[in-house]
Amino acid sequence: MKNRIQAAAKTVWLIVICQSAAAVAQTYTAQNSPASPAQFKAIIQAAKAAHSVQLTPLVCLKPLPYGTTSALPPAASADADAGGPAITTFTVPGSISTFPAGYNFNFVPSNTSINSEGAITGTYETKVPITPTTFYVALHGFLRSPEGTFRLFDAPNAIATLDSGTTPEAINENREITGSFEDVSFAFHGFFRAFDGRLTVFDIPGSAGTFPVGINSRGDVVGNYINPSSGSHGFMRSRDGGLTLFDPPGVGAFGCFPVGINSAGTITGTYFDSDYNEYGFLRYRNGTYISFAITDPADGTSPTAIDESGRVTGYAYGPPPGFATHSFLRYADGTYTMFDPIGATSSIALGINSQAAVIGTCDSSPYNYLRTANGLIQTVNLPGPVQGINAAYEVPGFYYDSSSNTFIGYAAKLKCR
């Protein structure tokens, strides 16, 4: 992290915040700013405060390779099996855009928008007219069954305007969903939606916002909350409502950002120490921790997902001068491997399934890749950014359709070899 701060004086970063498919994306330029995830988040928070809206969870941090396309790509890339992935596109009826869950409030990739049976959760947008020619955008939650039917929902008292509302973040094997919402008083809360549709709202007492990001098969929810005086901290909420608040040892002012939890209760995420070094961490159900750095802690390690066996995937920053990101897979015994697809100079692992297959994105066409358990890396031609992977090699995502000026969801069935 310190290395990136020193190099950032010569760097101009563009943060493109896509607030809705039907609105003009706002571009914020941070000149001579430290190139750290935490400071990107600070810029985004400042933008949010300036515009008094909640930013929808689609953020492109240039130069990360999140391109979109106006049409479906060819059936297969050069490295995929013959026939390519089978792709099904979908939109919530009456919506102007549909996004499978994938980026939480802290803009950390989430691997839990799809469960093992292929049910997908996410957010859809609707118009709230202001005048005959202008409108706000409201956010709502959806659950899409493997058969393609939708169940739509909103958290109670969720604001239904100002580019805000209900934002699901994760789904488990029981079709239980967690996420966050902004209410009519502009306060952020967490929610748990049961299989039968009952929705429970919860908050961390005294916090300035509660933001769930993951849920396991037991119904345990993990996320972060904001303390007005001390930044971001982790929490775990059990099915019965019990709360456990935590910070990894050595955490600094930037705080910690959990990203996922498995059925054993093992939590992974990232934290920053007092010198702004960025580490990955594991927190076990008994409260013990492991801190790890794939590369120099001054560069940064960012987990994005954990599987049932305790394997963690994510990305780590390489050394200067480029500070490129590289995918990693850390095994439960602490060993790890770093990798990029052939021809790529940077990549980000975004999800892992029960077979230790990793899905991710890279900076070389066609921009998405699949790494199988035996280490074979295939590039896969998909319509847009991936949002996770399940045991059946089903991958959700979204893409921009220029003809309708909307974002469209998709589910792809990958073919691996």
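Rule-based calculations on the coordinates, nothing more; no lab input. The structure presented is a predicted model; accordingly, all values stated were derived computationally and were not measured. We place every Cβ from the backbone using ideal geometry, glycine too, and count neighbours over all the protein chains shown.
Please name whichever of HIS189, THR167, HIS140 sits farthest to the positive end of the charge dipole of region 123-192, dipole taken about the Cα centre and charges placed at Cβ: Lys and Arg +1, Asp and Glu -1.
HIS140
Rounded to the nearest 0.05, what FRET efficiency do SER354 and LEU152 give with R0 = 30 Å and r taken as the Cβ-Cβ distance? Could you check?
In this case the efficiency is close to 0.55.
Please arrange LEU152, LEU139 by counting, for each residue, the other beta carbons lying within 10 Å of its beta carbon, fewest first. Could you put the intermediate results ahead of the total?
Values: LEU152 16, LEU139 28.
Going from least to most buried by this count: LEU152, LEU139.
Using only the alpha-carbon atoms, what does region 97-254 span along each of its principal axes? Please give whole angstrom values in decreasing order.
52, 38, 25
Report the gain in length on full extension from LEU199 to GLU117: 0.36 nm times residue separation, minus Cα-Cα distance, nm rounded to one decimal. Numbers along the way, then the final one.
Values: separation 82, 0.36 × 82 = 29.52 nm, distance 2.19 nm.
Going from the current span to full extension adds 27.3 nm.
Just rank SER403, SER145, SER327, fewest to most, by other beta-carbon atoms within 10 angstrom.
Taking fewest neighbouring Cβ atoms as first place, the list is SER403, SER145, SER327.
Going by how many other Cβ atoms sit within 10 Å of their own, how do MET236, MET338 line up, fewest first? Before the final figure, lay out each step's value.
Values: MET236 22, MET338 16.
Starting with the residue having the fewest Cβ neighbours, the order is MET338, MET236.
For ILE130 and LYS413 in the same chain, what is the full-extension length gain: residue separation times 0.36 nm, less their Cα-Cα distance, in nm?
Here the segment from ILE130 to LYS413 would lengthen by 97.8 nm.
Any chance you could check the Cα centroid distance between region 320-376 and region 202-279 for me, in angstrom?
Measuring centre to centre over Cα atoms gives 25 Å.
So what is the diffusion coefficient of region 328-367 in µm² per second by Stokes-Einstein at 10 °C and 1.306 mPa s, using a Kirkwood Rh over Cα pairs?
Calculated translational D: 145 µm²/s.
In nm, what is the difference between 0.36 nm times the number of residues separating SER238 and SER403 and their Cα-Cα distance?
54.9 nm
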